[in-house]
Structures are given as structure tokens and as C-alpha cells.
Amino acid sequence: RSRWSVCALVVHAGRPVLISSRLLGRPDTERRVIPASLTRAAVEASPHVDTDRTATSARELTRHFVQGLDDEIGRVTDFLVDDEQWAIRYLVVGLDTEESVRTAMVPVGWVSWVSSVARSVKVALRTRVVKGAPDFDGSLGAEARLAAHYGRSPFSVEKK
């Protein structure tokens, strides 16, 4: 089982540094700030971005092809993060359908393989299932509609 989470954020403090998500509070979307329990000196002394080779940058995964069980589905365009636990919950996948250009949310529990070399993310879903997913509008029932559509993710980790 894999866990997709935000380990650190890149902060520009004269140079790009990594700030652990454990030191961050819940984002204030109205003020567009993320509270942190750090002094300016602590931020400036944080490790440089290039020091963590085990983590994959969300920016690196953006534009990766998303491959379903039967066909290519689209490309990763963004991520939806649970801002209380800093857990990455969904891939936002750009779809090019004959009808329109839209996005679909794919729970990360359906991701079976990621290749930086191939710039590809494989999901254990058929293309029609992803393309037929309900739109995510941020409303109260949106996540429940997605859960009902996709069912239980085979590779998911239970939310704490």
C-alpha cells in the first residue's frame, strides 16, 4: 500500500528550501497564507531543495500521461490535497474528449505505477470509467459522488 502525501513545500527564502509539512498549519485560503511555526532564520537555514532525492515533486508529475487499463486517459494537471493531513487525495487529470476539454478527479488509491522515465502514471481503471466520472465542484456531496462512482480503491490507505 502506498501513501501519497505532501512531505514538504518549497519556499523561496533567497534560495529554494524545503519546509516539512509537519511544521505547517492548515492553509488560510481567504488570506492565501500557510501558517508555520518557524522563524525567518529557521526557514533560511532549511535544507536546499536538491537534498531530498527520495521524494517526487508534484511539479515533476504534472504533465505525466495517465494510462488506464485499456487506453491513455489524459495528463496529470494538478492534485487535490487534504489540507488537514497534507495527504494527496486525487490526481486532477486533463481529458481531451470529443465533446469538450474537461478534467476528472482520480483517487490516488487507483494509481498502480508511476514512471518518471516514461513520464507516465498507470491507474487500475478503464478509460470510460475515468471519463464518466462526475465533475468535482467542491460541494459537500462531491467527494461522496466520486467515491460512489469509483468504489473502493485497490491500493488505498485508509484515512486517519
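Quick look at the numbers
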| read-out | value |
| --- | --- |
| Residue 124-residue 38 FRET efficiency (beta carbon distance; Förster radius 45 Å; 0.05 resolution) | 0.70 |
| Average projection area in nm² (convex hull over Cα atoms of the chain, one quarter of hull surface) | 10.9 |
| Calculated FRET efficiency for the pair residue 20/residue 63, C-beta based, R₀ 22 Å, to 0.05 | 0.25 |
| Relative contact order (percent, whole number), the range 29-155, Cα cutoff 8 Å, 6+ residue spacing | 19 |
| Paramagnetic reach from residue 50 (point 7 Å along Cα→Cβ, amide N under 15 Å) across the range 3-38 | 15-18 |
| Carbon + sulfur, % of accessible area of the chain - ligands and nucleic acids excluded, 1.4 Å | 51 |
| The range 112-160, relative contact order in percent, only Cα pairs under 8 angstrom and at least six apart counted | 24 |
| Assigned charges on the beta-carbon of Lys, Arg, Asp, Glu; the chain dipole about Cα centre (debye) | 420 |
| Two-site FRET efficiency, residue 84 against residue 116, from Cβ-Cβ distance with R₀ of 35 Å, rounded to 0.05 | 0.75 |
| Solvent-accessible heavy-atom area per residue, rounded to whole Å², over the chain at 1.4 Å | 64 |
| Size of electric dipole in the range 99-160: Cβ of Lys, Arg +1 and of Asp, Glu -1, about Cα centre, debye, nearest 20 | 240 |
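The values are calculated or read from the model by the stated rules, or taken from the named source; none is laboratory data. Remember, it's a predicted structure, so these values are computed and weren't measured experimentally. Every residue, glycine as well, gets a Cβ built from its backbone with ideal geometry; the counts of neighbours run over all protein chains shown. To get the accessible areas, we keep the full protein, side chains included, count just its heavy atoms, and leave off ligands, DNA and RNA. Shrake-Rupley method; radii C 1.70, N 1.55, O 1.52, S 1.80 Å.
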